[in-house]
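The values are calculated or read from the model by the stated rules, or taken from the named source; none is laboratory data. The structure presented is a predicted model; accordingly, all values stated were derived computationally and were not measured. Using ideal geometry, Cβ is built from the backbone for each residue, glycine included, and neighbour counts are taken over all protein chains shown. The accessibility values were calculated without ligands, DNA or RNA, using every heavy atom of the protein model including side chains. Shrake-Rupley method; radii C 1.70, N 1.55, O 1.52, S 1.80 Å.
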Amino acid sequence: MTSTRWLAEYAWLPEHAEPTPDVLIETVGDRITAVTPLTPGGRPDAGVEVLVDAIRLPGLTLPGLANAHSHAFHRALRGRTHGGRGDFWTWRDQMYAVTTRLDPDSYLALARAVYAEMALAGITCVGEFHYLHHGPGGTPYADPNAMSAALVEAAAHAGIRLTLLDTCYLTASVDGQPLAGPQQRFGDGDALRWAERVSAFTPDGEHARLGAAIHSVRAVPAEQLATVAGWANRHDAPLHVHLSEQPAENDACRAVHGRTPTGLLADHGALGPATTAVHATHPTSGDVALLGESRTGVCLCPTTERDLADGIGPARRMADAGIPLSLGSDSHAVIDPFEEARAVELDERLRTRRRGHFAPAELLTAASVAGHAALGWADAGRLAVGDRADLVTVRLDSVRTAGVAPAGAWFAASAADVVQVVVDGRVLVRDGRHLTVDVPQELATAIAEVTHV
Ligand SMILES: [Zn+2]
């Protein structure tokens, strides 16, 4: 196994309020085997050998960042829907139009480019909330998991880890309207048949693992929620669910079930430490308490929530209730973990007209170790011995970052400042370029393929 010594100008170590200068990070194969802060000026402490063989990492080195909520094909809508009026629901119709163009081949090409774009942004692991399972009209492909396999292969090509959150999507509304039109491709009939299909799928490759998702309380009837939650529980797999992104979902759920969506999930055993609620933009105070008591996580997707006019979730209140927060780029209007992380703080400022709700280290935790944990990778997202050898290095000499204090990089850097990315010990991005994928070219080709009329 390859053994490498990296000398980071600054590295952000776990439980540290700010980055540490001059840190020697040693990796063997896909693991971090030693993390040694040197004495000021980069001189080794006694016991550390001379560093002639160490690879220098100028700038700020972070652990691997996790994108805990993705719908890869939504990337095709970037810049195509943003000038219009309407709301989440009108945007959704445009999103459905793209699904009609996707099959396993075109989705492989698109997702490969999108995951490579993520790699360029420092994302080493993605949670793909995947519901486009079947062919036109809902007819299964010869391999009913062909679309899932395409996404797993796409992540392998792009070089990042993936948790395929296979999503149960059965109905069009809380009161059980059947799927219609493009939605028919999402459905398995009922939760038992969903479970049967998912159980038959084994992701190909060490980079991928399987999780489950309940699309939302709109899409899985109450009496079938426990089937999905039970499958996740039996397989020790993460369970994700869209939750209270829209007030209309809350209203419909109360009208039909007399409960909030969070209450309904609690009733059916779908909350807990392995569960991540995505968005949670409009929870009641009772919902926040239920999520906190059950240690359910929440994945915030601030750039999507702002793009879709969803609202601002109560991030600080949820964190204070004991809810682990993670981050996702969701619709990929933006793929930039720095933008996503600082939006958590900045949105809170807009709401409260006060500054200083989240420490930079808390934002890093959400973007790294908490996101990995939400996706079932308990051994990633920290620059710590035993963790996966993910190193994300950010320039501190770009037009955006020159002169900033390293801890302030969260508020200054963009995805374009990521200069090198190492995933599981392998260099994937060097000098800001993906080593195997021509990302802009492949994005342009793949998106043209699924958007031309
Ligand atoms: Zn989503």
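With the condition kept exactly as written, say whether any residue in region 283-294 is under 30 Å from residue 96 (Cβ atoms) and within 16 Å of the ligand (Cβ to nearest atom).
No, that holds for no residue.
Please give the number of the condition residue 395 fails out of (1) more than 16 Å from residue 324 (Cβ to Cβ); (2) out of contact with any Ser or Thr (no Cβ under 7 Å at 6 or more places or on another chain).
So residue 395 meets the others, but not (2).
Take residue 416 and decide whether it is without any contact (Cβ under 8 Å) to a residue 24 or more places away in the chain, closer than 29 Å to residue 167 by Cβ and surrounded by fewer than 24 Cβ atoms within 10 Å (Cβ to Cβ).
For residue 416, the condition - without any contact (Cβ under 8 Å) to a residue 24 or more places away in the chain, closer than 29 Å to residue 167 by Cβ and surrounded by fewer than 24 Cβ atoms within 10 Å (Cβ to Cβ) - is not met.
Only one residue in 217, 228 is part of a helix (DSSP H, G or I), touching a Cys at 6+ places or on another chain (Cβ under 8 Å), assigned by the TED database to the domain that holds residue 107 and open to solvent by less than 10 Å² (accessible area, probe 1.4 Å), so which one is that?
After ruling out the rest, the residue left standing is 228.
Being in contact with a helix residue (DSSP H, G or I) (Cβ under 7 Å, 6 or more places away or on another chain), without any contact (Cβ under 8 Å) to a residue 60 or more places away in the chain and within 16 Å of the ligand (Cβ to nearest atom) narrows it down to one of 212, 222, so name that one.
Within the list 212, 222, the selection yields 212.
Condition test on residue 208, is it closer than 23 Å to residue 375 by Cα and either outside the structural domain of residue 163 (by the TED database) or open to solvent by 10 Å² or more (accessible area, probe 1.4 Å) (or both)? Talk me through it step by step, then tell me what you get.
Numbers: closer than 23 Å to residue 375 by Cα: yes; either outside the structural domain of residue 163 (by the TED database) or open to solvent by 10 Å² or more (accessible area, probe 1.4 Å) (or both): yes.
When the stated conditions are applied, residue 208 passes them.
Whether any residue in region 243-261 is outside any helix (DSSP H, G or I), within 16 Å of the ligand (Cβ to nearest atom), on the phi < 0 side of the Ramachandran plot and surrounded by 23 or more Cβ atoms within 10 Å (Cβ to Cβ) is what I want to check. Lay out the reasoning, then the answer.
Within region 243-261, the subset outside any helix (DSSP H, G or I) is 243-246, 258-260.
From the residues that got through so far, the ones that are within 16 Å of the ligand (Cβ to nearest atom) too are 243-246.
Subsequent filtering for residues that are on the phi < 0 side of the Ramachandran plot retains 243, 245-246.
Then drop every residue that is not surrounded by 23 or more Cβ atoms within 10 Å (Cβ to Cβ), which leaves 243, 245.
Looking through region 243-261, at least one residue is outside any helix (DSSP H, G or I), within 16 Å of the ligand (Cβ to nearest atom), on the phi < 0 side of the Ramachandran plot and surrounded by 23 or more Cβ atoms within 10 Å (Cβ to Cβ).
Report the residue count in region 273-294 for those that are assigned to a loop (DSSP other than H, G, I, E, B) and more than 19 Å from the chain's Cα centre (by Cα).
4
Given the structure, is residue 122 within 16 Å of the ligand (Cβ to nearest atom) and under 30 Å from residue 410 (Cβ atoms)? Spell out the reasoning first.
On the way: within 16 Å of the ligand (Cβ to nearest atom): no; under 30 Å from residue 410 (Cβ atoms): yes.
Answer is no for this residue.
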